[in-house]
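Quick notes on the structure that follows.
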Amino acid sequence: MHKSTSPLPEYAAATAVEQTIVVSIDEACAITRSGRSAVYEWLNDGTLEGIKLGRRTVVLYRSILDMIAKAPRLGAGKADEKDGEPA
């Protein structure tokens with residue numbers, strides 16, 4: 001078996017991502033590079049969608065992709081700003 005050198009689990013590889021439906025809280029943390037508190041906050045405010053499978057909370061992978069797609073982009077095409085004023 002080939003051992004991946006990626007910091008993300010194998011599900012994050014392009015071919016496997018399309019097949020992933022739900023991820024654990026820890027996997028959501030790894031994907032977003034965020035802590036558990038942030039993931040639970042996003043679940044509570046509706047930014048991420050989750051479901052209960054028995055006692056376990058899992059995050060819908062699609063909602064992670066949606067959150068990333070909707071996130072504001074930094075840098076590209078923005079004028080330099082200082083103290084909130086356009087340059």
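The values are calculated or read from the model by the stated rules, or taken from the named source; none is laboratory data. Source: prediction; values computed, not measured. Glycine gets a Cβ as well: all are built from the backbone with ideal geometry, and neighbour counts include every protein chain shown.
Pull up region 17-36, narrow it to residues that are within 19 Å of K70 (Cβ to Cβ) and more than 9 Å from the chain's Cα centre (by Cα), then point me to the one that is modelled with the highest pLDDT. Looking at the filtered set, the residue picked out is V23.
Can you work out which of the residues in region 48-61 that are under 12 Å from the mean Cα position of the chain (by Cα) and in a strand (DSSP E or B) is surrounded by the most Cβ atoms within 10 Å (Cβ to Cβ)?
Restricting attention to region 48-61, the residues satisfying the condition of being under 12 Å from the mean Cα position of the chain (by Cα) are 48-49, 59-61.
After this cut, where a residue has to be in a strand (DSSP E or B) as well, the list is 59-60.
Numbers: V59: 25, L60: 17.
Here the answer is V59.
Taken over region 32-47, the criterion of being surrounded by 11 or more Cβ atoms within 10 Å (Cβ to Cβ) and not in a helix (DSSP H, G or I) is satisfied by S34, T47.
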